[in-house]
Amino acid sequence: MNVLRRVNYLKVLLVLVLSVIITITIAPNLSLVPARYQEGDIIPETIIIPDNIALVDQKSTETRRQQALTDFPPIYDYDLRLKQKTFESLAAAFQKMRDIQAGFSLARSENLRHIRQISLERITVLTTHNETNEDFARVSQEKNNLLHEIGLLTDLASPTSEQSQELEKARFDLRAVEARKTALDTALAQLKTRFKELGEESRRLAGAGNQAGLEETRSVGKLKTDFEAAAGVQVDERPFRVLVDARFSPDMETLTRTLLGPVLDLKVVVSRESLRNQKQAIQIRNLDNGQQERFETLETVVDLVEVRREIAKSATGLKLPQGLGPAAREAALLLAQRLVRPNLTENKGETERQRQELLKTTSPVYFNLKKGDVVARAGDNATAQQVEIIRALSNYNLENPKYPQIIGTFLIVLLTLGLMYRLIRQRAGPAETRMPRLLLMSILLLVTLGIAQMVLLVVPALTTVYEFIRPSTYSYLIPVALTSMLASILLRFEIAIYLGFAVSLCLAILLGNSLPIFLFGLMGSFVASIPMRRFDTRYALWQQGMRISAVNVVVLGVLTLLDQEPFVWPMLLDFGAAILNGLGAALLTATILPLLERLFDITTSLRLLELSNMNHPALKELAVRAPGTYHHSIVVGNLSESAAEGIRANPLLVRVASYYHDLGKMLCPLYFVENQHQKNYHDDLPAQTSARIIINHVRDGLEISRRYRLGKAITDIIAQHHGDSLVHFFYHKAQEEQGDLGGGIAEDEFRYPGPRPQTKESGLVMCADVTEAAIRSLDDPSPEEIRQMVQKLTTRIYMEGQLDESGMTFNDLNFIEKTFTKMLLSIHHHRISYPDAQFTGKRQGRIEDPKDFPNRNAVGGS
């Protein structure tokens with residue numbers, strides 16, 4: 001219930017949105033907007049002012065605005081702080097260079113100090129080494145003396161106690177001397193190592209000092225880059241070398257500032273060529289405070305060339321500080337010339353912005369008109385003033401839409417669409433009011449109205465180029481019948497009528513509530529709604545288009561007689577446009593129809609004709625893989641087509657759908673009797689497995705049909721051609737296999753998935769499929785057998801309720817029985833027996849009892 005309510009809400013929302021879109025489409029032209037005439041044109045109708053209004057005189061207003069733009073001088077930005085910023089950047093650049101050079105000097109001094117410290121330490125280490133070496137020599141001599149004394153005392157044969165004490169003392173002294181010698185030896189090694197380290201450090205510092213000097217020499221290029229970045233200008237190599245040699249002294253900086261000071265107070269532009277285009281003045285905008293003022297003394301403005309020339313003249317008589325020579329003067333001159341920049345620049349963006357604001361604020365020139373004033377009378381030659389007033393009136397109507405009319409238009413459109421929805425629901429049924437169908441109807445409405453708007457957009461340009469064609473002629477080119485023609489093919493006759501009425505009404509409102517246009521479009525739409533007798537070729541569309549053209553000419557002639565208009569040659573153009581209208585509708589239908597077919601999955605007669613081609617890949621595959629099923633499908637198609645017209649079904653649809661209804665059998669062709677020869681593969685399978693194979697051919701057929709994109713109309717019949725009927729043969733076989741337990745078998749496992757046939761076409765294909773399969777199982781059936789079999793089959797299908805949802809009546813079933821019987825008799829008529837022919841009476845595998853006709857499905861039939 002909630003889903004149904006939500007769907008209904010969506011439908012209401014669709015109607016509202018569609019009403020809004022259509023209202024927006026036709027609302028701009030609600031009031032009758034005069035055509036755009038040229039001076040000298042003949043005005044076909046009297047134009048009267050409807051209200052007291054003030055209309056803008058576009059020509060005079062444009063003249064006033066152009067004059068205001070001419071008097072508006074361009075805007076130049078004036079940077080008053082440029083002098084201060086230039087001096088600051090100059091000072092920063094000089095200070096940076098001085099800091100860098102001071103850093104180089106400090107590094108060199110620090111390096112020399114370290115070298116001196118290392119040299120002094122080397123001398124100290126060398127002196128200590130010499131002294132330690134002398135001590136080492138003395139200790140060595142003392143050791144030798146002690147060894148000699150110990151040797152003498154040891155050689156005594158019987159030393160006295162006093163001599164033994166001397167020996168012990170000598171040995172003790174020897175150990176002390178050896179310890180001193182070892183300590184001195186270690187100290188000498190350490191001093192030697194330290195002396196070597198100090199030598200290497202001294203050489204490293206000397207090399208670093210040399211490298212630093214070399215780097216300082218090489219860093220002039222980097223200094224130049226840093227200086228240019230800080231100063232904001234590029235400097236030549238030669239003057240920069242002079243600055244480096246002068247170590248960027250404050251005197252050089254003062255000299256450069258002295259040359260710059262006077263000229264930076266002037267108003268400087270890039271070139272005076274830009275000022276020559278200005279007549280009297282410019283507008284100067286101060287960048288600091290944003291104030292803007294008019295400046296007329298343009299002769300006081302100088303350009304960069306003049307400023308640099310003035311700097312060179314000033315440098316000639318400039319007194320140099322002590323210690324600076326001519327090279328310093330030249331370097332300061334070149335640097336000062338490079339530092340000069342324009343402080344007055346044209347701002348084209350701001351100029352254009354203020355010009356646009358000026359255009360908006362310039363007051364327009366008005367035509368003050370009163371209600372009832374006659375602007376022009378029918379037949380007048382348009383004067384220049386009349387042309388301007390008519391244009392102003394046209395613009396006024398476009399810029400001031402009448403909201404009551406817009407609301408009224410919305411309501412009439414909403415009412416029309418609402419009533420149309422109710423009529424479609426009652427006359428065509430709920431199936432035609434599903435969301436996809438409603439979306440298709442909406443698109444059909446909007447397509448024609450969109451084409452109408454495009455035609456109206458180009459009418460003014462065409463009227464200007466082709467002056468001999470009346471503007472009203474172009475309205476007859478709008479293909480009003482396009483919507484009805486497409487609806488008649490894709491939907492139903494009743495829907496085409498309703499849509500034709502709606503689009504004709506909307507077009508009449510679009511063209512100024514024109515009753516002739518409404519009648520013209522309505523009659524053409526009625527003709528386009530009439531179903532084509534044979535819509536089996538593209539030429540049928542052109543035939544329908546010619547019918548529409550003929551009706552258009554007749555309706556236009558009748559409207560001319562009703563208006564009592566004299567017959568003049570421009571009317572021939574109107575009739576020509578009416579003829580092109582119908583042909584254009586046919587051309588657009590042929591173009592748009594395939595797109596809508598694919599977009600909304602609608603199968604038209606032309607699409608069915610394409611599918612009926614026996615060279616279609618699906619049918620070719622079926623013929624190769626399951627030739628018996630292929631032949632069976634062709635016979636089913638002939639049977640169903642023969643009875644279609646009598647029950648008001650679509651003959652082409654049932655025939656084509658019959659060709660494809662058993663596509664699923666080609667996946668397992670040998671499990672269906674029409675493709676078997678001697679062996680029945682079901683003999684070796686359980687009944688449930690066999691039933692599953694038979695039932696699955698519907699599902700497999702649906703998958704194959706989607707793969708080949710056969711369309712919803714075909715896939716629906718494939719899904720419904722067995723309904724939810726029972727596979728009787730295997731159901732009974734399963735019961736026999738179960739024995740006494742057979743009553744516990746569920747029928748659902750032996751039923752097709754359904755659904756039951758929902759249309760007469762699906763029901764007819766079901767009857768033809770079952771009938772052809774059953775009759776095929778009989779060998780040389782007699783006419784009476786055929787009649788009884790057909791009657792039993794159709795009765796059995798009806799009694800099972802398979803046709804309850806198809807819309808078929810008893811009269812339809814009676815007609816189907818008679819037609820099938822007649823058709824099958826012509827197919828299975830008795831033949832002459834030849835003497836040498838051998839007949840067995842009954843073919844192996846035929847159904848023994850007509851009441852068991854569904855069993856053929858069970859063993860692989862239809």
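Here is the figure for segment 295-333: residues that are within 27 Å of ARG285 (Cα to Cα), modelled with pLDDT under 80 and open to solvent by 40 Å² or more (accessible area, probe 1.4 Å) total 4. Comparison of GLN234, GLN280 shows that the only residue that is at pLDDT below 75, in a loop (DSSP other than H, G, I, E, B), open to solvent by 20 Å² or more (accessible area, probe 1.4 Å) and not hydroxyl-bearing (Ser, Thr, Tyr) is GLN280.
Look at VAL139 and say whether it is open to solvent by less than 70 Å² (accessible area, probe 1.4 Å), under 30 Å from ARG122 (Cβ atoms) and either modelled with pLDDT of 80 or more or more than 60 Å from the chain's Cα centre (by Cα) (or both). Criteria met by VAL139. Checked against (1) crowded, with 20+ Cβ neighbours inside 10 Å; (2) farther than 28 Å from VAL656 by Cα; (3) at pLDDT below 90, GLY545 passes all but a single condition, namely (2). Residue pairs whose Cβ atoms lie under 8 Å apart, separated by 6 or more positions or on different chains, with the first residue in segment 305-334 and on the phi > 0 side of the Ramachandran plot and small (Gly, Ala, Ser) and the second at pLDDT 80 or above and part of a helix (DSSP H, G or I), are GLY323/ASP251.
Output the residues belonging to segment 9-42 that are modelled with pLDDT under 75 and either among the polar types (S, T, N, Q) or under 28 Å from the mean Cα position of the chain (by Cα) (or both). Scanning segment 9-42 gives ASN29, SER31, GLN38. Scanning segment 571-598 for residues that are over 29 Å from VAL554 (Cβ atoms) and crowded, with 20+ Cβ neighbours inside 10 Å yields no hits at all. Kindly provide the set of residues from segment 639-661 that are touching an Asp or Glu at 6+ places or on another chain (Cβ under 9 Å) and within 24 Å of LEU825 (Cβ to Cβ), ordered by number. Residues satisfying the conditions are LEU639, SER640, ALA643, ALA644, GLY646, ILE647, ALA649, PRO651, VAL654, ARG655, SER658, HIS661. Just to be sure before I move on: is SER271 within 51 Å of the chain's Cα centre (by Cα) and small (Gly, Ala, Ser) in the structure I sent? Yes, satisfied.
Take the residues in segment 237-277 that are touching a Phe, Trp or Tyr at 6+ places or on another chain (Cβ under 9 Å), of a type outside the set (Ser, Thr, Tyr) and assigned to a loop (DSSP other than H, G, I, E, B), then tell me which one is most open to solvent (accessible area, probe 1.4 Å). Step by step, filter segment 237-277, then rank; the result is LYS267.
Within segment 334-383, the set of residues being out of contact with any helix residue (DSSP H, G or I) (no Cβ under 8 Å at 6 or more places or on another chain), part of a helix (DSSP H, G or I) and surrounded by fewer than 16 Cβ atoms within 10 Å (Cβ to Cβ) comprises LYS348, GLY349, GLU352, ARG353, GLN356, GLU357, LYS360, THR361.
So, GLN678, is that one without any contact (Cβ under 8 Å) to a residue 24 or more places away in the chain, open to solvent by 30 Å² or more (accessible area, probe 1.4 Å) and not in a helix (DSSP H, G or I) or not? Taking the combined requirement at face value, the residue satisfies it. Just checking, does segment 662-670 include any residue being under 21 Å from GLY628 (Cβ atoms) and assigned to a loop (DSSP other than H, G, I, E, B)? Yes, some residue in segment 662-670 is under 21 Å from GLY628 (Cβ atoms) and assigned to a loop (DSSP other than H, G, I, E, B). For the residues SER484, SER488, the requirement of being under 35 Å from the mean Cα position of the chain (by Cα), open to solvent by less than 10 Å² (accessible area, probe 1.4 Å) and among the polar types (S, T, N, Q) singles out SER484. Exactly one residue among ILE390, ILE412 is more than 25 Å from LEU596 (Cβ to Cβ) and modelled with pLDDT under 85, and that residue is ILE390. Against the numbered list (1) more than 18 Å from VAL268 (Cβ to Cβ); (2) over 60 Å from the mean Cα position of the chain (by Cα), THR351 comes up short only at (2). Can you find even one residue in segment 697-712 that is closer than 22 Å to ILE775 by Cβ, touching a residue at least 60 places away in the same chain (Cβ under 8 Å) and crowded, with 17+ Cβ neighbours inside 10 Å? No, that holds for no residue. Quick check: anything in segment 464-472 at pLDDT 80 or above, assigned to a helix (DSSP H, G or I) and of a type in the set (A, V, I, L, M)? Looking for residues that are at pLDDT 80 or above, assigned to a helix (DSSP H, G or I) and of a type in the set (A, V, I, L, M), one finds none in segment 464-472, hence no. Of SER109, SER105, SER89, all but one fail to be at pLDDT 85 or above and either surrounded by 12 or more Cβ atoms within 10 Å (Cβ to Cβ) or over 30 Å from ILE282 (Cβ atoms) (or both); the exception is SER89. Among the residues making up segment 150-166, those that are part of a loop (DSSP other than H, G, I, E, B) and either open to solvent by less than 80 Å² (accessible area, probe 1.4 Å) or among the hydrophobic types (A, V, I, L, M, F, W, C) (or both) are LEU156, ALA157, PRO159, THR160.
Filtering segment 599-635 to residues that are at pLDDT below 90, surrounded by fewer than 15 Cβ atoms within 10 Å (Cβ to Cβ) and in a helix (DSSP H, G or I) leaves LEU599, LEU609, GLU610. If the condition is being of a type outside the set (S, T, N, Q) and open to solvent by less than 30 Å² (accessible area, probe 1.4 Å), then segment 50-68 contributes ILE53, LEU55, ASP57, ALA68. Could you tell me whether segment 497-513 includes any residue that is within 30 Å of ILE43 (Cβ to Cβ), without any contact (Cβ under 8 Å) to a residue 24 or more places away in the chain, of a type outside the set (Phe, Trp, Tyr) and open to solvent by less than 20 Å² (accessible area, probe 1.4 Å)? Yes, that holds for at least one residue.
The values are calculated or read from the model by the stated rules, or taken from the named source; none is laboratory data. Note that this is a predicted model, so its numbers are computed, not measured. Quick reminder, even Gly has a Cβ in these numbers, built from the backbone with ideal geometry, and neighbours come from all protein chains shown. Heads up: the accessible areas ignore ligands, DNA and RNA and are worked out on the full protein's heavy atoms, side chains in. Shrake-Rupley method; radii C 1.70, N 1.55, O 1.52, S 1.80 Å.
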